[in-house]
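To start, the structure under review is shown below, and the notes come after it.
The values are calculated or read from the model by the stated rules, or taken from the named source; none is laboratory data. Bear in mind that the values here come from a model prediction, so they are computed numbers and not experimental data. Because the Cβ atoms are built from the backbone with ideal geometry, glycine has one as well, and the counts that use them run over all protein chains shown. Surface accessibility is based on the protein's heavy atoms, side chains included, excluding ligands, DNA and RNA. Shrake-Rupley method; radii C 1.70, N 1.55, O 1.52, S 1.80 Å.
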Amino acid sequence: MFRYSLFLVIAASAWAQVYELTGVITPATRGSASLYGATEPFTASTLIDDQGRFSFRKLAAASYTLAIFVPGRGEARQTVEVGPSLADSRRRVQVSVALKDSDFDPTADRRRHAVPARELAIPERALRDYGEAQRDLEKRDAAAAEKHLEHAVELAPQFAGAWNTLGTIAYQSRRFPAAEQRFREALRQDPSAYEPLVNLGGVLVTMHKFDEALEVNALAALTRPNDALAASQLGMTYFELGQFDSAIKHLERARQIDPAHFSHPQLFLAEIRLRRGEKQAAAEVLENFLGYHPDYPYAAKMREKITELGRN
C-alpha cells in the first residue's frame, strides 16, 4: 500500500532549501566522488582529499547516488539522503562511508583505461558536447544537457555513454518509451556496457514489461552481484510476477548492500509481508525504511500504519 512509485516525491517545502553534503571515507584515501540524482537529472563531481574528505554544496533535498572512485580499487556506490530531518542547523548533512574491498566494482578502474574501439573514433566536438551536458546537469538544466547529448550522438552514433545519459534524463522525466529506446541504442552500440543494461531493466519494470524485465534484470544481477539496483529491480520483477519467495531473496539482498537505496526495496518487502498476514514483520520493515528516509512524503501515514500493525 506504500509502493506509490519508483520516483521519490519530495515535499515542496523541502525543495525550497539548499543543503551541503559533507563526507569522509574510511580508510582515508585520495580519489574522486560523484553525485547523481536518483530521481531527477543531476550530476556533480569533486575530489577526495588525502584525509578522505569531500563535499557538495547547493544541493536540493533528494535521494542521490554517491559514487566513490579510488584508483586501483574501482568504484563503490551507495545512496545518500539529503533533507531537513538529516541536516544540522546550517543545513549540512554529514555522511561517513566505510568501504570494504567487496564494496568496489574493480571493472570501473579498468573501464577508465580501456575505451571500446568504436568510441575511439568519437570526434572531439561530441566529447565537448558530453562534457557540457555534465555541466548543465550540475546546474539542473536538463533541457540544455539533452540538447548537447543529442548533438553528441548525431555526431557520433556509437557514443554509448551519451545514449545512456539521454535515457536516464528521459526516464527521470517520465518519458519511458524514449528512455527504453535510448537504453536499447546504448546497448546496441556497446553490448558489454552495464549501465544501460541495468537502466533498461528498470524502465521495463516501470512499463510493466515483466517477462523481458526478468531476463534483463537477472542478467544485470548476475553481471554485478553487488549492485543494489540490479538486485532490487530483480526483486521488484519477481514481485510483479507474483513469485514472492524469489522477490524476498533479491529485495533483501538489495537492502543488505545499500539499506537506504533509492528504489525502496523495504516497501515491496512490507507489501509481501502484509499480503502474507505477517503484520509484525511488515511493521519492522517499515520502521527500518523510515530510519533511512525520515523525510519520505508519506512518513506520517506510514507511522500510523506501523502503530496499527502493532496493535493487531
**Prompt:** Of the residues G52, G167, G201, which exhibits the maximal mean-square fluctuation in a Gaussian network model of the chain defined by a 10 Å Cα contact cut-off?
**Reply:** G52
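If one computes P(r) from the Cα atoms of the chain, what percent of pairs lie at distances over 24 Å?
Cα-Cα pairs in the chain separated by more than 24 Å: 55 percent.
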**Item:** Shape box of the stretch 178-294 [Cα atoms, principal axes, largest first, Å]
**Value:** 48, 25, 24
**Prompt:** Per the 1.4 Å probe, what fraction of the accessible area of the stretch 21-77, in percent, lies on carbon and sulfur atoms?
**Reply:** 49
**Item:** Cα gyration tensor category, rounded, prolate or oblate, for the stretch 55-181 with a/c compared to 1.5
**Value:** oblate
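Have a look at the DSSP beta bridges in the chain and tell me what percent are antiparallel, nearest 5.
Values: 28 of 35 bridges.
The antiparallel proportion sits near 80 percent.
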**Complete:** Projecting the Cα atoms of A170, L47, V18 onto the charge dipole of the chain, where Lys and Arg contribute +1 and Asp and Glu -1 at Cβ, the residue farthest towards the positive end is V18
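Set the Förster radius R0 to 41 Å, insert the Cβ-Cβ distance between T26 and T107 as r into 1/(1 + (r/R0)^6), and round the FRET efficiency to 0.05.
0.95
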**Request:** Could you work out which residue, out of Q172, Q158, Q17, moves most in a Gaussian network model of the chain, that is, has the largest mean-square fluctuation with Cα springs under 10 Å?
**Result:** Q17
**Complete:** Per residue convex hull volume, Cα only, the stretch 236-307, in Å³ is 83
**Prompt:** Once both labels are modelled 7 Å past Cα along the beta-carbon direction, what's the Q51-Q134 spacing in nm?
**Reply:** 2.7
**Item:** Candidate residues K139, K305: accessible-area rank, largest first, probe 1.4 Å
**Value:** K139, K305
**Message:** If you count only protein heavy atoms and use a 1.4 Å probe, how large is the accessible surface of R30, to the nearest 10 Å²?
**Reply:** 150
**Prompt:** Can you pull the accessible area of S89 for me, 1.4 Å probe, Å² to the nearest 10?
**Reply:** 120
**Request:** Identify which of A98, A218, A160 has the largest mean-square fluctuation in a Gaussian network model of the chain, with springs joining Cα atoms closer than 10 Å.
**Result:** A98
**Asked** Where does the chain land at 222 nm, in deg cm²/dmol rounded to the nearest 500, when only DSSP H runs of n ≥ 4 count, each adding -39500 (n - 2.57), divided by all residues?
**Response** -16000 deg cm²/dmol
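Express the relative contact order of the chain as a whole percentage, based on alpha carbon pairs under 8 Å and six or more residues apart in sequence. Provide the component values of the computation, followed by the final result.
Numbers: 554 pairs, mean separation 44.1, N = 312.
Result for the chain is 14 percent.
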**Fill in**
Rounded to the nearest 10 Å², the accessible area of R253 using a 1.4 Å probe with every protein chain kept is 80
**Request:** Please report the relative contact order for the stretch 17-60, taking Cα pairs under 8 Å with a sequence separation of at least 6, and give it as a percent rounded to a whole number.
**Result:** 52
